[in-house]
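Take a look at the structure set out below.
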Amino acid sequence: MEEFLNKLPTSVSKTELLRILQEFQDKYGYLDNDFIHELSKKIGIQPGKIFGIASFYSQFRFKPSGKYIVNLCSGVACHINSSENLINVFTKLTGLKDGETSADGKITLELVPCLGGCANSPVVKVNDKYYTKVTKADLLKIIQELK
Ligand code: FES
């Protein structure tokens, strides 16, 4: 973390702050409390303000995520195509609700408002891999592959 912080300027715009937060999360997986406080000292912005800005954006995480981040879309197009059933099946089989990570640290469930594939809904994403027109059978197969 120290090496990451040393490369940063002492004053940043909001856009630069978002880029820094994204870079840190890409590298370390989430924005931990220590990082936010050290960043605050470095750039002179109160930790609460940094948390406030970061928490506005759904892509930022404040706790470690699982090896597999499963995004189930809960947007309108997916909802029309039964995404709620997929969410219920996923929760029933894994015991995970939105934002939770399995005890073994393998799977994190995150519901998202749209994955950009509305025409092929419902859409599921696991890390960088997209699954479209997902059926219950497809979801069961996806879950099996994660275990
Ligand atoms: S609403 Fe699900 S991909 Fe857009």
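Okay, here's what the table says:
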{"item": "Condition check for Lys141: closer than 13 Å to Val70 by Cα, in the same structural domain as Gly75 (by TED's automatic domain parsing) and out of contact with any helix residue (DSSP H, G or I) (no Cβ under 9 Å at 6 or more places or on another chain)", "result": "no"}
{"item": "Options Ile43, Ile69, Ile36: the member that is more than 30 Å from Pro9 (Cβ to Cβ) and either surrounded by 12 or more Cβ atoms within 10 Å (Cβ to Cβ) or touching a residue at least 12 places away in the same chain (Cβ under 8 Å) (or both)", "result": "Ile69"}
{"item": "Which listed residue is over 30 Å from Glu3 (Cα atoms), within 16 Å of the ligand (Cβ to nearest atom), without any contact (Cβ under 8 Å) to a residue 60 or more places away in the chain and exposed (fewer than 13 other Cβ atoms within 10 Å of the Cβ), from Ile80, Ile87", "result": "Ile80"}
{"item": "Filter result for the condition that a residue is of a type in the set (Val, Ile, Thr) and within 22 Å of Thr101 (Cβ to Cβ), over Ile20, Ile36", "result": "Ile36"}
{"item": "Residues (touching a residue at least 24 places away in the same chain (Cβ under 8 Å) and within 16 Å of the ligand (Cβ to nearest atom)) located in the range 101-116", "result": "Leu109, Glu110, Leu111, Val112, Pro113, Cys114, Leu115"}
{"item": "Residue in the range 102-129 that is nearest to Ser58 (Cα to Cα), counting only those that are touching a helix residue (DSSP H, G or I) at 6+ places or on another chain (Cβ under 8 Å) and part of a strand (DSSP E or B)", "result": "Leu111"}
{"item": "Residues of the range 117-137 satisfying the condition of being among the small types (Gly, Ala, Ser) and within 15 Å of the ligand (Cβ to nearest atom)", "result": "Gly117, Ala119, Ser121"}
{"item": "Test result for Ile69, more than 30 Å from Thr135 (Cα to Cα), more than 14 Å from the ligand (Cβ to nearest atom) and among the β-branched types (Val, Ile, Thr)", "result": "no"}
{"item": "Any hit, the range 112-131, residues being modelled with pLDDT under 95, crowded, with 17+ Cβ neighbours inside 10 Å and within 18 Å of the chain's Cα centre (by Cα)", "result": "yes"}
{"item": "Meets criteria (more than 16 Å from the ligand (Cβ to nearest atom), within 24 Å of Ser55 (Cβ to Cβ), in a loop (DSSP other than H, G, I, E, B) and modelled with pLDDT of 95 or more) for Leu96", "result": "yes"}
{"item": "Positions within the range 133-147 being under 20 Å from Val76 (Cβ atoms) and either small (Gly, Ala, Ser) or touching a Pro at 6+ places or on another chain (Cβ under 8 Å) (or both), in sequence order", "result": "Lys133, Val134"}
{"item": "Enumeration of residues in the range 47-99 that are closer than 12 Å to Leu139 by Cα and of a type in the set (Phe, Trp, Tyr)", "result": "Phe90"}
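The values are calculated or read from the model by the stated rules, or taken from the named source; none is laboratory data. Remember, predicted model here, so these are calculated numbers, not experimental data. Note that we place each Cβ from the backbone using ideal geometry, even for glycine, and neighbour counts take in every protein chain shown.
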